[in-house]
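This report refers to the structure that appears directly beneath it.
The values are calculated or read from the model by the stated rules, or taken from the named source; none is laboratory data. Quick caveat: nothing in here was measured; it's all calculated off a predicted structure. Glycine gets a Cβ as well: all are built from the backbone with ideal geometry, and neighbour counts include every protein chain shown.
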Amino acid sequence: MMQEMAARPPAPIAVSLGDPAGVAPELIAEAWMRRREAGIAPFFVVGGALALGMAAATRGLTLPVRQIERPADAFSVFDEALPVLGEADCAPSFGAPDDSGARLALHSLTEATQLARTGAASAIVTGPIAKIRLAAIGFTQPGQTEFLADACAMAHEAAVMMLAGPSLRTVPLTVHEPLSAVPGLITAELICAKARIVARALARDYGLPAARIAVTGLNPHAGEDGRMGREEIEVIAPAIARLQAEGLAVTGPHPADALFAAHERERFDVALCMYHDQALIPIKTLDFEEGVNVTLGLPLVRTSPDHGTAFGIAGQGKASAGAMIAALRMAGECAVARAQGAPA
Ligand SMILES: NC(=O)c1ccc[n+]([C@@H]2O[C@H](COP(=O)([O-])OP(=O)(O)OC[C@H]3O[C@@H](n4cnc5c(N)ncnc54)[C@H](O)[C@@H]3O)[C@@H](O)[C@H]2O)c1
Ligand SMILES: N[C@H](C(=O)O)[C@H](O)COP(=O)(O)O
């Protein structure tokens, strides 16, 4: 079905290549091929012209690629060819990641971030990377979210991961942490800080001025009045009370097991969950092929498909481009919302 892009962002979107041995290049290529029907705003990729062409070919696509000299050139090129900025490249072996691919992924991410920071790009959409592969070449952050926080000179906690799909939005309070460390990391200050960032961002970028935030408990049955854990009584409920006193539409702590049933999802705009899998399992179950990973709280717009590198199916024509397309669409919509002056 033909989708409409509401308005064009003031600058094109910068896309980082992701790990070239994974599914990202083929999905970027497919998204460009479907740009009109999907209503995707003009974008360019930083590096990887050869990798993109090779990846497209594995899906039977003949991809016209054109080198551009400046981000703004993407506007005139985008209709005819996929614009690529810069010469950095490699010839990937799909499904077999290596250090040269990891270096290209990091270069592309670094450059695209810089362009979004300066406003030369109106948003960044990041292709999935394998964290362990990047760590092997010196990437020190747990993920791209924290990389972006560092690039913007912000504390890691100020860059808030949100997963968004047609069925729901979720935010993990703690992110890439071992489960055993989670209880010790849950504080009222962190809950309040992240809830405030979520509320501001949903107002600014998503047109939700009074977002309803459902906060989960940590323990089974949200602790069952302290019989199954005390974090709800000692930490989570006091944080919710503080946020309510500030006027935020926050409820909870809710038992997490039933919160994502259809009838419950109608009662909130976003769920603030205590740890990674509590937030990501529901969305990847309900919305895997349209799920978007967004970073809230940054001075720039950043989205990414919800899935990873999927090395096991790369280059086989099996991967769905749905989440990549959704990430590109959402980046364009958020960039337009900011350009139209939604309050920070
Ligand atoms: N945005 C990101 O950068 C991001 C997100 C998640 C995971 N990762 C990284 O990706 C690597 C692999 O992680 P994983 O295996 O847990 O997750 P994954 O998302 O790569 O794969 C999970 C499952 O989903 C399938 N899958 C993934 N994308 C798909 C698509 N577009 N269409 C159809 N099926 C798809 C895979 O084949 C696999 O069966 C890890 O190194 C992880 O750190 C990166
Ligand atoms: N936690 C995300 C997920 O599992 O989908 C993913 O690892 C992405 O993290 P970054 O965007 O921080 O790289």
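Of the residues making up the range 253-293, those that are within 16 Å of ligand 1 (Cβ to nearest atom) and in contact with a Phe, Trp or Tyr (Cβ under 9 Å, 6 or more places away or on another chain) are 281, 282, 283, 285, 286. Of the candidates 298, 328, the single residue that is out of contact with any Gly (no Cβ under 8 Å at 6 or more places or on another chain), at pLDDT 95 or above, surrounded by 15 or more Cβ atoms within 10 Å (Cβ to Cβ) and not in a helix (DSSP H, G or I) is 298.
Which of the residues spanning the range 211-224 are in a helix (DSSP H, G or I) and surrounded by fewer than 18 Cβ atoms within 10 Å (Cβ to Cβ)? Correct list: 220, 221. Those residues that are part of a helix (DSSP H, G or I) and in contact with a helix residue (DSSP H, G or I) (Cβ under 8 Å, 6 or more places away or on another chain), I need them from the range 301-325; list them, please. Across the range 301-325, the qualifying residues are 322, 323, 324, 325.
On inspection, residue 319 passes the criterion of being among the hydrophobic types (A, V, I, L, M, F, W, C) and crowded, with 17+ Cβ neighbours inside 10 Å. So is residue 279 within 16 Å of ligand 2 (Cβ to nearest atom), assigned by TED's automatic domain parsing to the domain that holds residue 187 and part of a strand (DSSP E or B) or not? Judged against the criteria, residue 279 is not a match. Applying the condition of being farther than 20 Å from residue 144 by Cβ and among the polar types (S, T, N, Q) to the range 308-344 and asking which residue is nearest to ligand 2 (Cβ to nearest atom) yields 320. Here the range 116-132 is the region considered, the condition is being more than 7 Å from ligand 1 (Cβ to nearest atom) and either surrounded by fewer than 24 Cβ atoms within 10 Å (Cβ to Cβ) or aromatic (Phe, Trp, Tyr) (or both), and the residue that is nearest to residue 307 (Cα to Cα) is 117. In the range 232-271, of all residues being in a helix (DSSP H, G or I) and either at pLDDT below 95 or of a type in the set (Gly, Ala, Ser) (or both), the one that is farthest from residue 194 (Cα to Cα) corresponds to 262. Determine if the range 286-298 includes at least one residue that is more than 30 Å from residue 14 (Cα to Cα) and either touching a residue at least 12 places away in the same chain (Cβ under 8 Å) or within 10 Å of ligand 2 (Cβ to nearest atom) (or both). There is no residue in the range 286-298 that is more than 30 Å from residue 14 (Cα to Cα) and either touching a residue at least 12 places away in the same chain (Cβ under 8 Å) or within 10 Å of ligand 2 (Cβ to nearest atom) (or both). In the range 225-250, how many residues are surrounded by fewer than 18 Cβ atoms within 10 Å (Cβ to Cβ) and either closer than 22 Å to residue 185 by Cβ or in contact with a helix residue (DSSP H, G or I) (Cβ under 6 Å, 6 or more places away or on another chain) (or both)? Qualifying residue count, the range 225-250: 9. In the range 248-257, the count of residues that are within 14 Å of ligand 2 (Cβ to nearest atom), in contact with a strand residue (DSSP E or B) (Cβ under 7 Å, 6 or more places away or on another chain) and closer than 30 Å to residue 128 by Cα is zero. Of all residues in the range 146-166, exactly one satisfies the criterion of being over 11 Å from residue 302 (Cβ atoms), surrounded by 19 or more Cβ atoms within 10 Å (Cβ to Cβ) and without any contact (Cβ under 8 Å) to a residue 40 or more places away in the chain, namely 146. Of the helices (runs of 4 or more DSSP H) lying entirely inside the range 132-210, those carrying at least 1 residues that are in contact with a strand residue (DSSP E or B) (Cβ under 9 Å, 6 or more places away or on another chain) are 144-151, 188-206. Among the residues of the range 75-96, those identified as surrounded by fewer than 24 Cβ atoms within 10 Å (Cβ to Cβ), in contact with a Phe, Trp or Tyr (Cβ under 9 Å, 6 or more places away or on another chain) and not aliphatic (A, V, I, L, M) are 78, 94, 95.
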